């Protein structure tokens, strides 16, 4: 058998990261993203890493790809000419949203534009009720008449009320359109997102339809170009739920590719967690514009069913559009190295979500940026080397940072540049800490017994302080953090989640029906996985979403072992009550409990990880003196600095310390000790 | 200003937001879990509100600012114990009607009382005549719960639960919601304890002073920039059987703004009267959004907005006046205040809008005796703004959401046949008023339906400003064309449905000044018909 050579490719907003893993070694490169033809950057990157590894593209065995292209198309509204076909009387669901304002105190609020404008939304006479019964049958001739009006469109979203219970009418539309307009791309809400709540479901379907022609064409071109280069191996796509799917499934449900890059980051952290045998991990990914925070339990990132994309106003919750698909559950906030700081009318320091981006960049870049960014604060507080930033490619100007900090922050508050930098840094750290806390509590978790895994360009500068704020006592900084997402793709399993809405009260529990539903879902999900690899060893994982009857939101209850094979009302009720009390303090007495959604995730087992061997102390490294600002005392401290290469397996150094490397600096706070590990990870622990 | 105090202030804001999310996750009524008709806040030892979740609606948020002081007085601070949870639905001490249940939990840290968490939610039924305006005193509007202990040292008050169970039409939902309110404070309590531990604090008094003083100072600074003047406005609305006139004067002083409602109509015999606490809430909201929107909401930022109203007016109705639909008049207060404020601070406030939420409740009866109550919240259009069109079908001043149609249809045997924008309902102007919406509802087969309309702006649609025209008025009809008043309770005959048209917002500025490209776009999207475009704007295709 030939040796495995797997290529991971992450197309981001600025860079396309390419990683080749072969013979146990990683070769990586970053090339600028080529917007007009994203596949160009991939080919360029592929040639580079293949050359580094001394390999021909024809020797590649698998390519795994994640991309923000779908997300960006939604944010920038560069999608197909898309129409929505919906139930008569409900033409404006995606425009009326929740009929609320996402900001209570703004008379000049601007609401997000619907993805599909009103003149591209069509209705048909049909109706299914909340029991799944047909109230008004759909007349085929009316669909045929409508088809004639849809000729100018490239893609159609179909969303009917209660179709998650009964998809017949949506399927009839697809059938007629396939007959009349065979080139048209069609997305049904009962396929894309079969869940209750019409606004979320329709919107998700519209988003899918909107990006589908573009993604289909892109993926087709990519496959051709790669084949032309000799890379004829199978291509897979990373989806937002943290698994990989075939290129065909991806082209069918491109909305599931949204946020696949950050999902790769979470998988990367999960892999590090497994290597180090950690069952509770907080992954912290901080780049130039945003920070992403995710909980990883027992080596698996947490997943959710809804998230919001394309927030139009300052990342404000509610200013974007909801997408209900299986996603890795993470919080993303506008906090990155480029996030800009200012003082508001309350004389409070505010940081982000506005970012300096790469042009003009933070004031320190000396490219005309006059407003202070988080990186400017980091520079002034001694955390960044002016001469060795981004591998020495960008020379930093501390004087520009000082000027910007004083002009925009310190001057308003009577603070000097250092105090202002301290304020900016503390505010951004507290913003991230708050996001992490809220996320943890929403999931009923206490972060004090978690280990943090930090990656992304800016994370190693702030992770130590974040640990102090969150009461976390251990922090791992893995190598290759700059291309973490692409590495994560290589670690992801083939996975697909199938869900179905079937309401069942526990006091009317139908065991036979429950077994049938779970068996059908298992077959559906496993089928998708087998389409990636027919010989795969597929494992399925079932869970149900439960609530007290009358509630609108559910909590997930896992069905393992016997419970999945033969679920009983008693066992389910018991598990639900335990989970509910853990989250909300006490169970509610005397109310019936029901199941609303059934879900089965099918996945291939993760590749066995090689545990990182325990370390034997090999000696202390001193480093050279360097002044570092200590945010705990609010004063300068005498610290040390040393290059990362010196922290080989078992080498130990004490904080306060700045560990430098080509892309960033790892800050080890006072009271923490860093130990090099065999896999290149820096293992930082609180020692006092 | 210490960095640490700023950080802790932000933390409190995130704690109350989380408190609100816990309520949404655990609530039963669609009004809470889907529509967000709730509020959550934290208070200091003295009962001063320090932070409020942005999730929620101003009528709750600002009314609750005063609620905790009532709990402190009625319960007695000395008798408060760890594990206690208090409750009320008193309209004059809570948030204005019996359907809002307020729950307050004292916070103990290392044995001492350091503050309170409070939250409010609108429950689906509280007994009496059902949610509607037809009670003639508060006694007809449902069960009154005075301020009392819901949980006493960890023990749930089963007497109260039993009383509730027989006094509401939807006992499971209502009792479930009360548990959810308690759970929501519990989440806040855990997080505040963790913050105090982290910072090694024994109380939040210094932090409270910092928050209240900084917010007060910032609000006063915004007020100081205003011209010193006094202006008046009146606005007439439908009322129940007879029109109601709302009169407001706004007067600016160096460090506060005074709104007075002298000249406003007397209380109405029906349940559209407003407890003063709710009037204060919406008058303060109107001033705050126009004058100092970015200052976080708390006792300090609200204090410079002073509100007075003569006793025995509809905006200061005393017990036992009926108050169930206090929001219908209460939501029109911002438009009344804006009319006066516009004369002092031009080019800032919008034209009049739909104002009141377009809520209705239906009672459904099955042939087998099955009963069900379904409440929905819906919105008309907002008034055009000095530089922007009004918002289509969007709540203002209320902060609640509509319920998904699919969720509403799961809540009871109702079918919503239509819910979409209402073309030509936005007032014409340089900036167009927001569109209202059409709805059509009926019972599922085998059920009869009683409909309770709770609307306004039928005979008195939203007026335009500076030459803008008025928005479309409310319409309530059966499918056979039978017309009903905006506030009515009627049975829907078998085979028929109720057809509703909700009001649009008023326009701003002369229609002749509207950009013709904007008119063309409105025609293309069907926001206005070609006929209206021609009539109002002289547009030709």
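The values are calculated or read from the model by the stated rules, or taken from the named source; none is laboratory data. Remember, predicted model here, so these are calculated numbers, not experimental data. Positions of Cβ are backbone-derived with ideal geometry, glycine not excepted, and every protein chain shown enters the neighbour counts.
Tabulated results
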| read-out | value |
| --- | --- |
| Residue, surrounded by the most Cβ atoms within 10 Å (Cβ to Cβ), within region A:454-499, restricted to residues that are touching a helix residue (DSSP H, G or I) at 6+ places or on another chain (Cβ under 6 Å) and over 30 Å from residue A:631 (Cβ atoms) | A:488 |
| Members of region B:354-382 found to be out of contact with any strand residue (DSSP E or B) (no Cβ under 7 Å at 6 or more places or on another chain) and either within 11 Å of chain A (Cβ to nearest Cβ) or in a strand (DSSP E or B) (or both), listed by number | B:357, B:358, B:379, B:382 |
| Strands (runs of 3 or more DSSP E) enclosed by region A:247-362 - at least 2 residues per element that are farther than 24 Å from residue A:215 by Cα | A:280-286, A:291-297, A:330-333, A:339-343, A:349-355 |
| Filter pass, residue A:428 being touching a strand residue (DSSP E or B) at 6+ places or on another chain (Cβ under 8 Å), within 16 Å of residue A:269 (Cα to Cα) and buried (at least 24 other Cβ atoms within 10 Å of the Cβ) | no |
| Lone qualifier among B:267, B:296, B:310, B:334 - being modelled with pLDDT of 95 or more and touching a helix residue (DSSP H, G or I) at 6+ places or on another chain (Cβ under 7 Å) | B:334 |
| Unique residue being within 30 Å of residue B:292 (Cα to Cα), away from every other protein chain (no Cβ under 14 Å) and buried (at least 22 other Cβ atoms within 10 Å of the Cβ) when the list is A:339, A:375, A:355 | A:339 |
| Hits in region A:537-561 - residues which are over 30 Å from residue B:22 (Cβ atoms), touching a strand residue (DSSP E or B) at 6+ places or on another chain (Cβ under 6 Å) and not in a strand (DSSP E or B) | A:538 |
| Identity of the residue in region B:415-438, assigned to a strand (DSSP E or B) and more than 9 Å from chain A (Cβ to nearest Cβ), that ends up surrounded by the most Cβ atoms within 10 Å (Cβ to Cβ) | B:436 |
| Residues that are at the interface with chain A (Cβ under 8 Å from one of its Cβ atoms), more than 16 Å from the chain's Cα centre (by Cα) and surrounded by 24 or more Cβ atoms within 10 Å (Cβ to Cβ), drawn from region B:386-399 | B:391, B:392 |
| Residue A:583 vs. criteria within 25 Å of residue B:27 (Cα to Cα) and away from every other protein chain (no Cβ under 14 Å) | no |
| Any strands (runs of 3 or more DSSP E) falling wholly within region A:100-179 and containing at least 2 residues that are within 11 Å of chain B (Cβ to nearest Cβ) and at pLDDT 95 or above | A:121-124, A:134-136 |
| Scope region B:164-179; condition in contact with a strand residue (DSSP E or B) (Cβ under 8 Å, 6 or more places away or on another chain) and away from chain A (no Cβ under 12 Å); matching residues | B:169 |
| Set A:555, A:517: member being farther than 30 Å from residue B:156 by Cα, surrounded by 14 or more Cβ atoms within 10 Å (Cβ to Cβ) and either modelled with pLDDT of 85 or more or within 14 Å of chain B (Cβ to nearest Cβ) (or both) | A:517 |
| Region A:58-95, subset free of Cβ contacts under 8 Å to residues at least 60 places away in the same chain and outside any loop (DSSP other than H, G, I, E, B), residue farthest from the other protein chains (Cβ to nearest Cβ) | A:59 |
| When residues of region B:442-452 are limited to those that are surrounded by fewer than 24 Cβ atoms within 10 Å (Cβ to Cβ) and more than 10 Å from chain A (Cβ to nearest Cβ), the one farthest from residue B:485 (Cα to Cα) | B:446 |
| Flag for residue A:430 being farther than 17 Å from residue A:273 by Cα, assigned to a helix (DSSP H, G or I) and touching a residue at least 24 places away in the same chain (Cβ under 8 Å) | yes |
| Residue B:182 being part of a helix (DSSP H, G or I), within 10 Å of chain A (Cβ to nearest Cβ) and crowded, with 20+ Cβ neighbours inside 10 Å | yes |
| Sole exception among (1) out of contact with any helix residue (DSSP H, G or I) (no Cβ under 7 Å at 6 or more places or on another chain); (2) more than 10 Å from every other protein chain (Cβ to nearest Cβ); (3) under 23 Å from residue B:259 (Cα atoms) for residue B:193, by number | (3) |
| Tally of residues being touching a helix residue (DSSP H, G or I) at 6+ places or on another chain (Cβ under 6 Å) and either within 12 Å of chain B (Cβ to nearest Cβ) or surrounded by 23 or more Cβ atoms within 10 Å (Cβ to Cβ) (or both) across region A:403-416 | 4 |
| Test result for residue B:205, within 13 Å of chain A (Cβ to nearest Cβ) and either more than 30 Å from residue B:262 (Cα to Cα) or within 24 Å of the chain's Cα centre (by Cα) (or both) | no |
| Top-ranked residue of region A:561-580 - restricted to ones that are surrounded by 16 or more Cβ atoms within 10 Å (Cβ to Cβ) and closer than 18 Å to residue A:517 by Cα, ranked as farthest from the other protein chains (Cβ to nearest Cβ) | A:564 |
| Residue match in region B:107-120 (condition: assigned by TED's automatic domain parsing to the domain that holds residue B:186 and free of Cβ contacts under 8 Å to residues at least 60 places away in the same chain) | yes |
| Answer from B:41, B:83, B:94 - the residue that is within 20 Å of the chain's Cα centre (by Cα) and assigned to a loop (DSSP other than H, G, I, E, B) | B:94 |
| Tally, over region B:20-38, of residues that are part of a helix (DSSP H, G or I), closer than 23 Å to residue B:126 by Cβ, within 11 Å of another protein chain (Cβ to nearest Cβ) and under 19 Å from the mean Cα position of the chain (by Cα) | 6 |
| Condition broken by residue A:116, with the remaining ones in (1) farther than 28 Å from residue A:533 by Cα; (2) more than 26 Å from the chain's Cα centre (by Cα) satisfied | (2) |
